[in-house]
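In what follows, a structure is listed as structure tokens, so that the remarks can point back to it.
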Amino acid sequence: MEREDDRVPTTTKLTTQVAIVGGGPAGQLLSHLLRLSGIDSVVLELRDRDYTIQRVRAGVLEHGAVELLREVGLGERLDREGQEHHGINLQFDGERHNVSFHDLIGRSVWVYGQQEVIKDLMQAHDAAGTPARYSVSDVRVEDILSDTPVVYFTQDGQDYELRGDFVVGSDGAHGVCRPTIPAEHKKTYRRDYPFGWLGILAHVRPSTEELIYSLHERGFAMHSMRSEKVSRLYLQVDPHDDIANWSDERIWSELDTRLGIPGWTLHHGEIFDKSITPMHSFVSDPMRYGRLFLAGDSAHIVPPTGAKGLNLAIADAAYLHEALTDWYRDGSETGLDEYSPRSLRRVWQIQHFSSWMTRMLHRFDESAEGGHPENVDYDYHVQLGQLRLLTSSERAMSHLAEVYTGLPMLTRQR
Ligand code: FAD
Ligand code: DHB
């Protein structure tokens, strides 16, 4: 719990143990885990509460992420409303192939929207009297090489100084924490893709029981869902395209074409959310500088094809929680020193998986960047060959199943 010290009239001084910048899944989950271990934290979030709760993003939780959420008291609604999925469908060349994780390796994933995870976390924080501070601005991190790093911020016109033992930068891809690590102390890696995803949410019952990932001549398409009445669908589009160019009719028609196979119908319905997200991969190494630790999208981004961004954020929160708990218990620095290499080992494996899935399932037209147009056709046929090899080998599909359902979390609990 933060404590106010009113002796300085202009800037209100606050102290905590762990100051967390960013109230997405990484920040809110870390704060929840720390509270369960008796460690105080304060979460600072740029956006207002309603925006934070409504932001539509990822939808698939790995096996280990679900186990973790259950263990820490966040599984009740997930078990009631989340949908356990035993596999996915891969579609190419007009054929749909089921990849049964359950039959291959006895595992599943859960379809449960990121905003539902956020809602559960917010509710748990409300119940414990530790809600995040929403709508903060002018966030600045300083003194990260000292034992008492500080976060300055403004809220409701009042300036604050929040000091803690540690600062966690879980402020996403465009946050302020990563840039405070000097360039000579980090290396960044980036890969842009020549496409983005147009994502929609629609009031219509899903037309499939399990997700469909489809490679079509006109580009990638995916069918996911949120509930028995809400479908989530994606289309590969030009990353610079304007969503205004995509009428609802055009979206449904393109989805019909890219997802259609004989004897199957895509149900249409009212689209109530649509947006275009460009796609890229990114890693910043190390995920620590002094007393500042990065978690989630602030340190690494993956293209969404492998459904991994949210799951990586959850793994970071779990790893960082363990490291901080060790330090508060007996002053051990080992966990803190190991946090960045441990997380990055997982991150690079998932970078591989996400880029593999992305390259296998999208049309890659880099002719605009100087690539030869003939390459596009060649690459497409190689991808068809790759998908046929994959779906005709139980061993190859088991590999996909192992990584899709989640690498072992390897926290102490499991
Ligand atoms: P975030 O969820 O980004 O949370 C960071 C938080 O920090 C935000 O609430 C932000 O408002 C706040 N913040 C930023 N700057 C500051 C500041 N200066 N001070 C205080 N707070 C700040 N993944 C998938 O697997 N599938 C998908 O379909 C998918 N779709 C996506 C769509 C979009 C538009 C985006 C951006 C991401 C998507 N992702 C998807 C990725 C996934 O949602 C992220 O990996 C996940 O949200 C990471 O969680 P996080 O807590 O690290 O970061
Ligand atoms: C969803 C998003 C993904 O990126 C993915 O690979 C699977 C599902 C979704 O939003 O439901």
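The residues on offer are I251, I243, I301, and the sole one that is β-branched (V, I, T) and in the same structural domain as S170 (by TED's automatic domain parsing) is I301. Per the conditions (1) assigned to a strand (DSSP E or B); (2) more than 20 Å from the chain's Cα centre (by Cα), the sole criterion not satisfied by S135 is (1).
Within the range 74-118, the residues that satisfy the criterion of being within 16 Å of ligand 2 (Cβ to nearest atom) and assigned to a helix (DSSP H, G or I) are L78, E81, F101, Q114, Q115, E116, V117, I118.
Close Cβ contacts (under 9 Å, 6 or more residues apart or on different chains) running from residues in the range 70-83 that are under 21 Å from L36 (Cβ atoms) to residues that are assigned to a loop (DSSP other than H, G, I, E, B) comprise E71/Q413; E71/R414; G75/G82; R77/Y112; L78/Y112. Filtering the range 20-44 to residues that are crowded, with 21+ Cβ neighbours inside 10 Å, small (G, A, S) and not in a helix (DSSP H, G or I) leaves G22, G23, G24, S41. When T325, T334, T391 are screened for being in contact (Cβ under 8 Å) with a residue 12 or more places away in the chain, over 25 Å from W110 (Cβ atoms) and surrounded by fewer than 22 Cβ atoms within 10 Å (Cβ to Cβ), only T325 passes.
Each residue in the range 149-174 was checked for being over 24 Å from the mean Cα position of the chain (by Cα) and surrounded by 13 or more Cβ atoms within 10 Å (Cβ to Cβ), and 14 of them qualify. You will find that of A124, A65, the residue that is assigned to a helix (DSSP H, G or I) and within 16 Å of ligand 2 (Cβ to nearest atom) is A65 and no other.
The values are calculated or read from the model by the stated rules, or taken from the named source; none is laboratory data. As the structure is a prediction and not an experimental result, all values here were calculated from the model. In this analysis, Cβ positions are derived from the backbone assuming ideal geometry, glycine residues included, and neighbour counts consider all displayed protein chains.
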